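To start, the structure under review is shown below, and the notes come after it.
The values are calculated or read from the model by the stated rules, or taken from the named source; none is laboratory data. All of these numbers come straight from a predicted model, not from anything done at the bench. Heads up, the Cβs are rebuilt from the backbone with ideal geometry, glycines too, and the neighbour counts pull from every protein chain shown. We work out accessible area using only protein heavy atoms, side chains counted, and drop any ligands, DNA or RNA first. Shrake-Rupley method; radii C 1.70, N 1.55, O 1.52, S 1.80 Å.
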Amino acid sequence: MALIILLFGLFIVGVPICFSLGLISLYGVAAAGYPLSVITQRMFTGADSISLIAIPLFILAGGLMVQGGMSRRIVDFADALIGHFPSGLAMVSILACMFFAAITGSAIAATAAIGGIMIPLMKEKGYENTFSAPLLACGGSIGPVIPPSIPLLLYGTMASVSIGKLFIGGFIPGIIMGLGLMVYSYYVGKKRHYVGREQKAPAGEVLKTGKDALLALIMPVIIIGGIMSGIFTATESGAIACVYSLIIGIFVYRELKIKSLWGVFIDCAKSTGQVLIVVAFASLFTWIITVNQVPQQVSALLTENIGNKYLMLLVINAVLLVAGTFIDTTSALVIFTPLFLPIVQGMGIDLLHFGLVMTVNLTIGMCTPPLGVCLFVSGTIAEVSLKDQMRDLLPMLAVLLIVLLIITYIPETVTFLPNLIG
């Protein structure tokens with residue numbers, strides 16, 4: 001337990017996540033008298049997984065899609081569908097984030113791509129930037145929930161849960177998150193007189209924009225269908241996504257230029273490095289705490305004092321919500337998954353269900369201060385400070401927390417589709 005306390009002590013004083021994990025692991029290895037060669041061995045073993053190859057592939061696919069003009073087509077289609085409602089542009093922003101989530105699976109990418117288009121448009125129509133910035137941040141948080149999803153891929157790898165089933169299980173939670181934010185946007189729009197487009201889009205416009213966006217929106221169907229039918233694995237689906245994105249961006253939409261590929265590759269390499277270095281250090285840290293039987297100690301401490309699984313889920317959610325305010329989603333997943341798995345397994349909680357509970361919980365942290373990376377992205381676009389966003393952010397977070405409770409205590413919201421498809 002001392003290792004966990006020291007780790008969070010380093011987090012609090014501002015030491016970067018990967019270095020905190022590395023320093024604590026080094027201390028653990030030295031204190032136990034193990035040879036230092038264990039450090040490189042465990043880090044290499046942690047990153048040496050075929051399943052993890054999907055991470056750079058999906059990151060690359062997302063970058064190719066952003067450069068290929070898919071975000072604008074998705075926004076146009078969403079606007080044709082629901083842009084005429086009160087607070088229409090706000091609702092369009094959320095729907096576009098949901099569509100874009102099904103393409104990239106990244107909260108930051110969704111916030112940046114859709115926010116870069118919608119925040120200036122919303123400002124022109126009289127929306128306050130202090131409302132639109134947190135709305136796009138919360139909308140972007142849907143990205144890691146609706147498949148494809150890097151957090152779900154990581155969780156599936158660590159917990160030995162079917163990645164295909166996790167992907168399918170993310171659809172309903174992601175849709176509920178989006179609908180909750182859209183209902184709140186509608187309420188605020190009526191109250192503040194935020195107007196939508198002057199009239200409902202004619203059927204011809206809906207069909208045209210839908211046709212333009214179809215090639216972008218069909219990609220999740222290809223990925224999920226291929227995985228569940230056994231045509232290709234989750235890892236191979238990342239390569240399929242990259243090839244598909246290249247073909248559509250270069251030869252169909254013709255907005256992805258060869259000269260822009262180098263920048264996409266560089267961004268992909270940077271993002272992949274950030275993820276995998278955390279995974280490598282976390283693998284070492286997980287080995288240290290396992291050797292010292294920390295998961296068993298945590299499990300015994302909680303189960304001795306909490307015998308009810310519903311109360312246990314509430315406690316775990318509270319821990320994850322607090323951790324998510326200052327630890328990024330990837331780091332929190334690789335730290336807390338090995339700690340909580342023995343507990344939920346012992347209480348008979350479905351690991352598929354628990355994976356989505358963790359993912360939804362931690363993605364809320366991406367729009368929660370002080371870390372809240374999506375808030376900084378949208379705030380930069382809207383040119384508003386984090387403090388100025390707080391008034392409208394708090395009720396949006398309340399909506400997401402209600403959704404989290406629904407997902408936590410109604411497991412069918414996660415398990416229904418995977419069980420239906422089999």
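I need a count of the residues in the stretch 166-191 that are charged (D, E, K, R) and in contact with a Gly (Cβ under 9 Å, 6 or more places away or on another chain).
Just the residues of the stretch 166-191 that are charged (D, E, K, R), to begin with: 190-191.
Now drop any that are not in contact with a Gly (Cβ under 9 Å, 6 or more places away or on another chain), which leaves none.
The total comes to 0.
Mind checking whether some residue in the stretch 234-254 is over 24 Å from Ser149 (Cα atoms), open to solvent by 60 Å² or more (accessible area, probe 1.4 Å), at pLDDT 85 or above and touching a helix residue (DSSP H, G or I) at 6+ places or on another chain (Cβ under 8 Å)? Yes - at least one qualifying residue is present in the stretch 234-254.
For the stretch 120-133, which positions are in contact with a helix residue (DSSP H, G or I) (Cβ under 7 Å, 6 or more places away or on another chain), in a helix (DSSP H, G or I), at pLDDT below 90 and surrounded by fewer than 24 Cβ atoms within 10 Å (Cβ to Cβ)? Talk me through it step by step, then tell me what you get.
Step one: list which residues in the stretch 120-133 are in contact with a helix residue (DSSP H, G or I) (Cβ under 7 Å, 6 or more places away or on another chain), which gives 121-123, 125, 127, 129-133.
Imposing the further condition that a residue be in a helix (DSSP H, G or I) reduces the set to 121-123, 129-133.
From the residues that got through so far, the ones that are at pLDDT below 90 too are 121-123.
Result: Leu121, Lys123.
The set of residues in the stretch 255-267 being open to solvent by less than 90 Å² (accessible area, probe 1.4 Å) and aliphatic (A, V, I, L, M) consists of Leu256, Leu261, Val264, Ile266. Only one of the listed residues (Leu417, Leu404, Leu375, Leu394) is assigned to a helix (DSSP H, G or I), touching a residue at least 60 places away in the same chain (Cβ under 8 Å) and within 16 Å of Leu135 (Cα to Cα). That residue is Leu375. Scanning the stretch 66-98 for residues that are within 19 Å of the chain's Cα centre (by Cα), open to solvent by 10 Å² or more (accessible area, probe 1.4 Å) and modelled with pLDDT of 85 or more yields a count of 2.
Selection of the stretch 183-218 for residues being among the charged types (D, E, K, R) and open to solvent by 90 Å² or more (accessible area, probe 1.4 Å) yields Lys190, Lys191, Glu198, Lys200, Lys208, Lys211.
Among residues belonging to the stretch 1-16 that are in contact with a Leu (Cβ under 9 Å, 6 or more places away or on another chain) and closer than 23 Å to Ala300 by Cβ, point out the one that is least open to solvent (accessible area, probe 1.4 Å). Ranking the qualifying residues of the stretch 1-16, first place goes to Leu7.
Scanning the stretch 317-351 for residues that are farther than 22 Å from Trp287 by Cα, open to solvent by less than 20 Å² (accessible area, probe 1.4 Å) and at pLDDT 85 or above turns up Asn317, Ile349.
Give the stretch 243-261 a look and list any residue that's farther than 21 Å from Pro220 by Cβ and among the charged types (D, E, K, R), or say none. Full working, then the answer.
Going through the stretch 243-261, the residues farther than 21 Å from Pro220 by Cβ turn out to be 254, 257-261.
Once the filter is applied, which keeps residues that are farther than 21 Å from Pro220 by Cβ and among the charged types (D, E, K, R), the stretch 243-261 yields Arg254, Lys257, Lys259.
Could you tell me whether any residue of the stretch 46-60 is among the hydrophobic types (A, V, I, L, M, F, W, C), within 30 Å of Asn129 (Cα to Cα) and touching a residue at least 12 places away in the same chain (Cβ under 8 Å)?
Just the residues of the stretch 46-60 that are among the hydrophobic types (A, V, I, L, M, F, W, C), to begin with: 47, 50, 52-55, 57-60.
Still in the list and also within 30 Å of Asn129 (Cα to Cα): 59.
Remaining after also requiring touching a residue at least 12 places away in the same chain (Cβ under 8 Å): 59.
The answer is yes, given that some residue of the stretch 46-60 is among the hydrophobic types (A, V, I, L, M, F, W, C), within 30 Å of Asn129 (Cα to Cα) and touching a residue at least 12 places away in the same chain (Cβ under 8 Å).
Among the residues that make up the stretch 368-379, is at least one of them modelled with pLDDT under 90, over 26 Å from Pro56 (Cβ atoms) and open to solvent by 30 Å² or more (accessible area, probe 1.4 Å)? There is at least one residue in the stretch 368-379 that is modelled with pLDDT under 90, over 26 Å from Pro56 (Cβ atoms) and open to solvent by 30 Å² or more (accessible area, probe 1.4 Å).
How many of the residues in the stretch 17-50 are part of a loop (DSSP other than H, G, I, E, B), open to solvent by 70 Å² or more (accessible area, probe 1.4 Å) and not aromatic (Phe, Trp, Tyr)?
Residues of the stretch 17-50 that are part of a loop (DSSP other than H, G, I, E, B), as a first pass: 33-36, 48-49.
Subsequent filtering for residues that are open to solvent by 70 Å² or more (accessible area, probe 1.4 Å) retains 34-36, 48.
Filter once more, so that each one left must be not aromatic (Phe, Trp, Tyr): 35-36, 48.
Going through the stretch 17-50 one residue at a time, the tally reaches 3.
Please indicate, with yes or no, whether at least one residue in the stretch 292-314 is in a helix (DSSP H, G or I), within 18 Å of Phe44 (Cα to Cα), among the hydrophobic types (A, V, I, L, M, F, W, C) and open to solvent by less than 30 Å² (accessible area, probe 1.4 Å). Lay out the reasoning, then the answer.
Let us first name the residues in the stretch 292-314 that are in a helix (DSSP H, G or I), namely 294-305, 309-314.
Next, only the ones that are within 18 Å of Phe44 (Cα to Cα) stay: none.
Looking for residues that are in a helix (DSSP H, G or I), within 18 Å of Phe44 (Cα to Cα), among the hydrophobic types (A, V, I, L, M, F, W, C) and open to solvent by less than 30 Å² (accessible area, probe 1.4 Å), one finds none in the stretch 292-314, hence no.
If I go through the stretch 387-422 residue by residue, how many of them are hydrophobic (A, V, I, L, M, F, W, C) and open to solvent by 50 Å² or more (accessible area, probe 1.4 Å)? Step through it out loud before you land on a result.
As a first pass, look at the stretch 387-422 and keep what is hydrophobic (A, V, I, L, M, F, W, C): 390, 393-394, 396-407, 410, 414, 416-417, 420-421.
If we keep only those that are open to solvent by 50 Å² or more (accessible area, probe 1.4 Å) too, we end up with 390, 394, 401-402, 405-406, 410, 416, 420-421.
Of the residues in the stretch 387-422, 10 are hydrophobic (A, V, I, L, M, F, W, C) and open to solvent by 50 Å² or more (accessible area, probe 1.4 Å).
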